[in-house]
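Asks: Here it is, the structure, as structure tokens.
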Amino acid sequence: MTPFDYHAPKTLRSAMRLVQAFGDDAKVLAGGHSLIPSMKLRLAAPSVVIDLGGIAGLKRVTAGNETITIGALATHYAVESHRLLPSKCSLLPETAAEIGDAQVRNRGTVGGSIAHADPAADWPATMLALDAQFDIGGPDGERAVAASDFFVDLFITDLQPGEVLTGIRIATPPENSGGAYVKMRQSASGFALAGVAAHVTLDDAGNCASVAVGVTGVAPAAYRARAVEDALVGQGIDAVADASAHAADGVEEFQEDHHASGDYRAHLARVFTQQALSQAIERAA
Ligand SMILES: Cc1cc2nc3c(=O)[nH]c(=O)nc-3n(C[C@H](O)[C@H](O)[C@H](O)COP(=O)(O)OP(=O)(O)OC[C@H]3O[C@@H](n4cnc5c(N)ncnc54)[C@H](O)[C@@H]3O)c2cc1C
């Protein structure tokens, strides 16, 4: 690594002051699972590292009747093991449990994953499917951004210089709701070759009153499969297969590497959308 100064603020306010003072020279550190390897490879060479790990308030996860909140510094394991989340919104612990291995889940953070926006990360799909709001602090105060506006391109998000993601808010789903996350793991890291998160709420007749599908691993940025959602609203489980055929509609550029071709990832998106939606509807019912 190139040399850097290290700061470990104890409050969000002092962290924000440091971020603003050092501007583009600084990087905030969460669990370090992506930042440290990038620095070792000199893909990132910040002259200042601001470690958020000592700010206890950013690690909190709460599951209320109205809102679920996840602090940006909450680890994947904190979500996976939360006592109330299995009953309030099982899609969250189900997604967390799919990430990497036990060490990765104990150190990697939800906020770090979202801010880093790796095209193969699991959380973006689930955050899109749950219509999450991201709370962001910056030089001009605080703002909230919907997940659907946040993931812009490969490793690019709506976060602006000097801004810090502070937390995630999700409306607690009503009782007649269900979600599911289905992925194929890259066998070494566990990252998603393709991953689909589906969330539905059923009406009294058992049809989908609302549908949201988030897809990761397939395009440069995770996306909402809007064509699938439009085809399924007002319909029941019988319509899932036809609707899922649209899971890669509108994708202009596919992720492609020695693990999987773009065509294969598009195929996985369609198959996993069908599986995730079917499970979500069964759970909601
Ligand atoms: C071996 C291995 C396997 C993995 N497997 C998976 C997997 O299967 N699925 C998966 O989804 N992920 C996987 N990951 C990723 C991991 O789970 C982390 O979430 C991810 O690497 C981000 O790391 P971090 O939280 O430690 O953040 P860091 O590495 O500390 O930060 C990442 C980037 O985000 C920025 N950042 C961090 N927090 C904030 C914030 N609050 N506000 C603004 N910017 C911020 C940092 O400046 C940095 O640029 C794996 C990682 C490893 C090392």
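The values are calculated or read from the model by the stated rules, or taken from the named source; none is laboratory data. Quick caveat: nothing in here was measured; it's all calculated off a predicted structure. Cβ coordinates were reconstructed from backbone atoms using ideal geometry, including for glycine residues, and neighbour counts include every protein chain displayed. Accessible surface is based on the protein model in full, side chains and every heavy atom, while ligands, DNA and RNA are left aside. Shrake-Rupley method; radii C 1.70, N 1.55, O 1.52, S 1.80 Å.
Asks: Leaving out ligands and nucleic acids, note down the accessible area per residue over region 56-171 with a 1.4 angstrom probe, in whole Å².
Replies: 41 Å²
Asks: How about region 12-82: which trypsin sites (Lys or Arg not before Pro) there are in a DSSP loop, with at most 10 other Cβ atoms within 10 Å of their Cβ?
Replies: 42
Asks: Oh, and also: Taking all pairs of different Cα atoms in region 140-284, averaging 1/r and flipping that mean, what Kirkwood radius in angstroms comes out?
Replies: 16.1 Å is the Kirkwood radius here.
Asks: So, one more: If the only charges are +1 at each Lys and Arg Cβ and -1 at each Asp and Glu Cβ, what is the size of the charge dipole of the chain around the Cα centre, to the nearest 20 debye?
Replies: Roughly 1160 debye, rounded to the nearest 20.
Asks: So, in Å, what gap is there between the alpha-carbon centers of region 204-282 and region 38-75?
Replies: Spelled out, the Cα-based centre of one part sits 30 Å from the other.
Asks: So what does the Cα-only Debye profile of region 194-267 read at q = 0.12, 0.14, 0.21, 0.26 Å⁻¹, as log10 I(q)/I(0), no solvent term?
Replies: -0.34, -0.45, -0.85, -1.14
Asks: Taking the Cα atoms of region 5-54, report the difference between the largest and smallest coordinate on each principal axis, in whole Å and largest first.
Replies: Cα spread of region 5-54 along its principal axes, largest to smallest: 31, 20, 13 Å.
Asks: Reachable aspartates and glutamates from residue 27, Cα under 14 Å, same-chain residues fewer than 8 places away excluded?
Replies: Correct list for residue 27: 5, 51, 163.
Asks: Can I ask one more? Just need the relative contact order of region 56-171 here, percent rounded to a whole number, with Cα pairs under 8 Å and 6+ apart.
Replies: Relative contact order, region 56-171: 27 percent.
Asks: Please arrange 223, 181 by accessible surface area, largest first, computed with a 1.4 Å probe and ligands excluded.
Replies: 223, 181
Asks: Taking the Kirkwood radius as the inverse of the mean 1/r across Cα pairs, report the Rg/Rh of region 66-162.
Replies: 0.95
Asks: Averaging sequence separations of C-alpha pairs under 8 Å and six or more residues apart, then dividing by the length of the chain, give the relative contact order as a whole percent.
Replies: 16 percent
Asks: For the chain, what is the mean residue ellipticity at 222 nm derived from helices alone (per DSSP H run of n ≥ 4: -39500 (n - 2.57); sum divided by total residues; nearest 500 deg cm²/dmol)?
Replies: Here the helix-only value at 222 nm equals -8500 deg cm²/dmol.
Asks: Which whole-number percent gives the relative contact order of region 5-54, counting Cα pairs below 8 Å spaced six or more residues apart?
Replies: Value for region 5-54: 57 percent.
Asks: With every protein chain left in place, what is the accessible area per residue of region 177-284 in square angstrom, probe 1.4 Å?
Replies: Accessible area per residue: 42 Å².
Asks: Still on this structure, please answer the following. Restricting the calculation to Cα positions, tell me the Rg (one decimal) and the Dmax (whole number) of the chain in Å.
Replies: 18.7, 62
Asks: At 0.36 nm per residue, and after removing the present C-alpha to C-alpha distance, how many nm does the segment from residue 155 to residue 209 gain when stretched out fully?
Replies: Net length gain for the segment: 16.1 nm.
Asks: Quick one: pull the percent of accessible area on the chain belonging to carbon and sulfur, 1.4 Å probe, ligands and nucleic acids left out.
Replies: The C+S portion of the solvent-accessible surface of the chain is 49 percent.
Asks: With every protein chain left in place, what is the accessible area per residue of region 5-54 in square angstrom, probe 1.4 Å?
Replies: Accessible area per residue, region 5-54: 57 Å².
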